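Engineer: First the structure, which I've put down as structure tokens, then a few questions once you've had a look.
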């Protein structure tokens, strides 16, 4: 199947679930999806179109909202599913039920952006230390670093 055929088949199958689909280069496809349909879209792309490899999940703080990008691949194409979520109480549904390996990327999204991933099988911090301050999310544009107070063992108080 060539690029135009696969884009058209995806457009037909996911019509009401997507906002836009484009293919700016021969082996790249981008889908802007309705956030509430993410699980259904990922499942269809995996089961019906063969996009079973999740290379990563990335996040972008666009100041007004967040964008989460799911980078999938089959043997011929790289496909990115983009969803947008608001800054107020940001949360997204876990895709681990469909792609179990997503857990590490979802934990990273929680650590670095403070986005709650609902249904994640292991919500523990992945990158940040366990005692990292709450609501201190390093990849948010409004984050400011406050160095911890230095403590020297054995120092007199």
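Throughout, read-outs are computed from the coordinates displayed, never taken from laboratory work. These numbers were taken from a predicted model, which means no experiment stands behind them. In this analysis, Cβ positions are derived from the backbone assuming ideal geometry, glycine residues included, and neighbour counts consider all displayed protein chains.
Engineer: Can you give the FRET efficiency for residue 74 and residue 124, using 1/(1 + (r/R0)^6), R0 = 35 Å, r = Cβ-Cβ distance, to the nearest 0.05?
Structural biologist: About 0.65, to the nearest 0.05.
Engineer: May I pose another question? What ranking do 104-113, 23-32, 132-141 get when scored by the average of other Cβ atoms within 10 Å per residue, highest first?
Structural biologist: In decreasing order of mean packing, 104-113, 23-32, 132-141 become 104-113, 23-32, 132-141.
Engineer: Let me ask something else. Tilt of helix 3-13 relative to the longest C-alpha principal axis of the chain, in degrees (0 to 90, nearest 10)?
Structural biologist: Long axis of 3-13 versus the principal axis of the chain: about 80 degrees.
Engineer: OK, next. From the convex hull of the Cα coordinates of the stretch 70-150, what is the mean projected area in square nanometres?
Structural biologist: On the way: hull surface 27.2 nm².
Its average projected convex-hull area is 6.8 nm².
Engineer: I need the Debye-formula profile for the chain: one equal scatterer per C-alpha, no solvent, reported as log10 I(q)/I(0) at q = 0.16, 0.18 1/Å, two decimals.
Structural biologist: Listed by q, the Debye log ratios stand at -0.90, -1.08.
Engineer: I would also like to ask the following. Per 0.36 nm of contour for each residue apart, how much would the distance between residue 20 and residue 32 grow if the chain were fully extended, relative to their Cα-Cα spacing?
Structural biologist: So the extension gain works out to 3.8 nm.
Engineer: Can you give the calculated 222 nm mean residue ellipticity of the chain, where each DSSP H run of n ≥ 4 adds -39,500 (n - 2.57) and the sum is split over every residue, rounded to the nearest 500 deg cm²/dmol?
Structural biologist: -6000 deg cm²/dmol
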